[in-house]
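Structure first, then comments.
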Amino acid sequence: MINPLGKLLADWPWKVAALAVALLIFYGVRRSVSYTQTLTLTVEAETVEGAQALTGFDPGVVSVTFRGSEAAIRRLSMPGAEPPRVRLRLRQPEADASSMRLRLTPRDVLRDDGLRVVSIEPREVEAAFDAPDTRTFDVAEPIVTGAPKVGTVRVSIEPKQVELTGSRALLEELEAAESTLATAILDVSGRSEGFQTVLRVLPPDSRGGWTLKPDTVRADVRFVREDVEKTFTKVPVEVLQAPSGKRYRPEPRVAEVTVQGLKREVEAFDPAILRLYLEEPEELIPDAEGAFWAKPILTLPYTNRVSRATIVPERIRLMPLEPPARPTAPETPQPAEAAEEEPVP
C-alpha cells in the first residue's frame, strides 16, 4: 500500500527549495509591476456630427490610478512625454435630449501598453448638448520654439481662417472674447534654410465636440538675417608685456567699442568680457614726447559671434614709464693729501 504522506515527504529538501524559488520569482515579478500613480485627467470626447453639439462634461475631470513597472510609472512625469487621455466616443443623443449619462471604462483611457488602469473616480460623467452652429475664426501665427542657426524666423500661414462647428452657446462665447485658434508648435532648432510644413489647427479647448474645416494650415517658414549695432563705452585698455622689457601705460586708458551682428547675439552680449590690448610696435619710432602709437586689439570668446567691431580711437599711445630711480650710495669723503714740504733754505 502506497503511503501518501511518505510520497509527499520524499525529496522534501528539493521541494522546499523549488517552492522558495517560485515565491521569489512571484514577488519579484509582482514588485516590478506594483508601482502606482494617480493623475487628474480632463474628459475629452469624439462626437458624431448630427443635430446636437457637445458643450461639456460634468465633472470635467476625473482621477485615474495607473499600475505598472517602475519605468512605466516614471515615464508619466518625464518632460515631453505624451500623457494619458480620457477620450470618449459619443453617439448622438435623442433629438429632444439635452444630456446623456456615461459610464467610464479602462478602454476609454488612452495610455501606454505598460500601464494598467486600476480605478477611475468618478466612474460616471454627464455630457451636455446644445444646438450646433458654425462660425469662422482667425488662425494665430504658430508658436516657434528652438533657435535657428542664423537669422530670425518669419512665418506666414494659409489659410488664415477656418470654420469651427460646435455648440452655439460656446461659439458665441468665443466670438465675444475675439478668440483665435492656435496651431501645433513649430520647431526650428538648427535650421538655416527656409521650408514649408503643415500644422494642425487646435480646437479651442479639450471638451470635444468641435469640427474644424480645414483642420490644417500650410506654414511658409523663412529666416531673415537682422543685424543690429550696440556701442560700449569705457572699455578698459591693457598693455601686454613688451618684448623689449620696457613698461608702458595706455593713453587714453579706455576706448569705445561698437559691435555689429545678429540681433540675438548682440543683445546677449556681456560687456564685462570686452577687453582691448596693446602690443609694443615692432618699429620703435617715438613721437616728440617719446611715446609710441599702436592699434588696439579686441578679443572676444568664441561664444560671441559678431560680424564687425569698430574701435574709437583707432590708435592709442603707449607712454613709456620711467624706470624707478636707483638709490645711490653717499660719497665717502676722501682724505686730503699732505702738502709737500718746501725745503728750508
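Here's the yes/no breakdown for (1) of a type in the set (Asp, Glu); (2) in contact (Cβ under 8 Å) with a residue 40 or more places away in the chain; (3) in contact with a strand residue (DSSP E or B) (Cβ under 6 Å, 6 or more places away or on another chain); (4) loosely packed, with under 14 Cβ neighbours inside 10 Å:
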{"position": "Thr211", "(1), (2), (3), (4)": "no, yes, yes, no"}
{"position": "Val228", "(1), (2), (3), (4)": "no, no, no, yes"}
{"position": "Glu238", "(1), (2), (3), (4)": "yes, yes, yes, yes"}
{"position": "Pro252", "(1), (2), (3), (4)": "no, yes, no, yes"}
{"position": "Val257", "(1), (2), (3), (4)": "no, yes, yes, no"}
{"position": "Gln260", "(1), (2), (3), (4)": "no, yes, yes, no"}
{"position": "Asp270", "(1), (2), (3), (4)": "yes, no, no, yes"}
{"position": "Leu274", "(1), (2), (3), (4)": "no, yes, yes, no"}
{"position": "Glu283", "(1), (2), (3), (4)": "yes, no, no, yes"}
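Look at (1) aliphatic (A, V, I, L, M); (2) modelled with pLDDT under 80; (3) open to solvent by 70 Å² or more (accessible area, probe 1.4 Å) and you find that Val312 fails only one, number (2). Taking region 152-190 as the search range and keeping residues that are closer than 20 Å to Val221 by Cβ and basic (Lys, Arg), which one is farthest from the chain's Cα centre (by Cα)? The extreme case among them is Lys160.
Taken over region 45-59, residues that are open to solvent by less than 40 Å² (accessible area, probe 1.4 Å) and either at pLDDT 90 or above or more than 29 Å from Leu164 (Cα to Cα) (or both) amount to 0.
Yes/no matrix, rows are residues, columns are (1) touching a residue at least 12 places away in the same chain (Cβ under 8 Å); (2) more than 30 Å from Glu178 (Cα to Cα); (3) in contact with an Asp or Glu (Cβ under 6 Å, 6 or more places away or on another chain); (4) aliphatic (A, V, I, L, M):
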site	(1), (2), (3), (4)
Ser69	yes, yes, no, no
Pro93	yes, yes, no, no
Val109	yes, yes, no, yes
Ala140	yes, no, no, yes
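For region 122-155, the set of residues classified as within 26 Å of Glu226 (Cα to Cα), surrounded by 12 or more Cβ atoms within 10 Å (Cβ to Cβ) and not β-branched (Val, Ile, Thr) consists of Ala140, Glu141, Pro142, Gly146, Ala147, Pro148, Gly151, Arg154, listed by residue number. The single residue among Val62, Val86 that is in a strand (DSSP E or B), among the aliphatic types (A, V, I, L, M) and either farther than 18 Å from Glu126 by Cβ or over 30 Å from the mean Cα position of the chain (by Cα) (or both) turns out to be Val62.
A Cβ distance below 8 Å, combined with a sequence gap of six or more or placement on separate chains, defines the contacts here; from region 172-190, residues that are on the phi > 0 side of the Ramachandran plot reach residues that are charged (D, E, K, R) and at pLDDT below 90 in the pairs Gly190/Lys149.
Can you tell me which residues in region 285-295 are aromatic (Phe, Trp, Tyr) and open to solvent by 20 Å² or more (accessible area, probe 1.4 Å)? Write out each step before concluding.
Kept after step one, since they are aromatic (Phe, Trp, Tyr), are these residues of region 285-295: 292-293.
Trp293 - this is the single residue of region 285-295 that is aromatic (Phe, Trp, Tyr) and open to solvent by 20 Å² or more (accessible area, probe 1.4 Å).
Residue count for region 169-188 under the criterion of being open to solvent by less than 40 Å² (accessible area, probe 1.4 Å) and β-branched (Val, Ile, Thr): the result is 2. Taken together, Leu76, Leu88 contain a single residue that is at pLDDT 75 or above, surrounded by 12 or more Cβ atoms within 10 Å (Cβ to Cβ), closer than 17 Å to Gly209 by Cβ and not hydroxyl-bearing (Ser, Thr, Tyr), which is Leu88. Per the conditions (1) at pLDDT 90 or above; (2) surrounded by 15 or more Cβ atoms within 10 Å (Cβ to Cβ), the sole criterion not satisfied by Gly166 is (1). The single residue among Pro296, Pro335, Pro301 that is under 52 Å from the mean Cα position of the chain (by Cα), modelled with pLDDT under 70 and of a type outside the set (A, V, I, L, M, F, W, C) turns out to be Pro301.
The values are calculated or read from the model by the stated rules, or taken from the named source; none is laboratory data. As the structure is a computational prediction, the values presented were derived from the model and not from experiment. Cβ atoms come from the backbone with ideal geometry, glycine included; neighbour counts cover every protein chain shown. In case anyone asks, the SASA skips ligands and DNA or RNA and just uses the protein heavy atoms, side chains included. Shrake-Rupley method; radii C 1.70, N 1.55, O 1.52, S 1.80 Å.
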